[in-house]
Amino acid sequence: MKEFFKKYLFVFEWIGAAILIGVGIFTVLDNSILVILVGLILFVFALLRVVPLLKTTPDKVLRIIYAVEILLNLAAGILLVVEGSKGDASSLMDADNKIFGYIIGGVLYLRGFVHFYATSMRKEPNDYVKFFTNLALFTVGTFIIARGGFETMFLAYVILVLACLSALFIGYSGYKHYRNNRYELRAREETKKAVEKEKEQPTDSISDPASKKPDVVVPEKEEKKEEAQL
């Protein structure tokens, strides 16, 4: 089963890329799914970070902070999914999306705040990508909280862009897996043909490689031969 998924991984990657684009387009056309989609994003991001993040953080204090952040993200994701699945998300989407905006803004603000606290106060490793990404999350989160909400259509287009970018990366990964699969298949076929061709050759025409002695010039013997000639 493992070999099957490894061999045909590109099929699942291409299907996933197509689904992502479809979900992004549908989000723009119908905003009713927006609450559930954002909730699932928060839930999946939080859930998949638990084990790698906590196991690779030696600082006990920082582990507790990360655990609290993950729990809050999980709670926010579950809340959005539950409210959105009721079929009437007006409790979160009314009043200029203030409740919905506070949840999203709070999650983004918390992520940026925890990152900068970890890197500046707890000496957590950092790089340029993490720095600017979390700076953007911190800034956007602060803006949403200060504004008290956001335009639903704007968030839908943001999700569409993210879905297209994710689909692009997943689709390219599937392309590479498909290309490698084809090259491996071609290499096996060429090897098989070469072996069959070698077996079809008559045994007389096959010479023993050991019988062929290379004409190696040994310096000492060559000098003795020249002296004898003189």
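May I ask you to list the residues in the range 1-44 that are more than 17 Å from Ser166 (Cβ to Cβ), small (Gly, Ala, Ser) and at pLDDT 90 or above?
If the condition is that a residue be more than 17 Å from Ser166 (Cβ to Cβ), small (Gly, Ala, Ser) and at pLDDT 90 or above, then Gly39 is the only one that fits.
When the residues of the range 141-154 are narrowed to those that are touching a Leu at 6+ places or on another chain (Cβ under 8 Å) and within 21 Å of Thr27 (Cα to Cα), which ends up surrounded by the fewest Cβ atoms within 10 Å (Cβ to Cβ)?
Going through the qualifying residues, I end up with Thr152.
Just a yes or no: is a residue in the range 27-42 of a type in the set (Asp, Glu), part of a helix (DSSP H, G or I) and either at positive phi or out of contact with any Pro (no Cβ under 8 Å at 6 or more places or on another chain) (or both)?
So far as the range 27-42 goes, no, none of its residues is of a type in the set (Asp, Glu), part of a helix (DSSP H, G or I) and either at positive phi or out of contact with any Pro (no Cβ under 8 Å at 6 or more places or on another chain) (or both).
Could you run through the range 30-46 and say how many residues are without any contact (Cβ under 8 Å) to a residue 40 or more places away in the chain and not charged (D, E, K, R)?
5
Which residue is surrounded by the fewest Cβ atoms within 10 Å (Cβ to Cβ), if the candidates are limited to the range 1-29 and must be within 16 Å of Ile159 (Cβ to Cβ) and free of Cβ contacts under 8 Å to residues at least 24 places away in the same chain?
Applying the filter and picking the extreme gives Leu29.
Got a sec? Which of Tyr128, Tyr183, Tyr157 is among the hydroxyl-bearing types (Ser, Thr, Tyr), at pLDDT 75 or above and surrounded by 11 or more Cβ atoms within 10 Å (Cβ to Cβ)?
Details: Tyr128 fails: surrounded by 11 or more Cβ atoms within 10 Å (Cβ to Cβ); Tyr183 fails: surrounded by 11 or more Cβ atoms within 10 Å (Cβ to Cβ).
Unique residue meeting the criteria: Tyr157.
Would you please list the contacts, defined by Cβ atoms under 9 Å and residues six or more apart or on different chains, that run from a residue in the range 54-77 that is outside any helix (DSSP H, G or I) and surrounded by fewer than 17 Cβ atoms within 10 Å (Cβ to Cβ) to a residue that is charged (D, E, K, R) and modelled with pLDDT of 95 or more?
Cβ pairs passing all conditions: none.
Take Arg49 and tell me if it is touching a residue at least 12 places away in the same chain (Cβ under 8 Å) and either out of contact with any Cys (no Cβ under 6 Å at 6 or more places or on another chain) or of a type in the set (Asp, Glu) (or both).
Answer is yes for this residue.
The values are calculated or read from the model by the stated rules, or taken from the named source; none is laboratory data. Because the structure is predicted, anything quoted here is derived from the model rather than measured. Cβ coordinates were reconstructed from backbone atoms using ideal geometry, including for glycine residues, and neighbour counts include every protein chain displayed.
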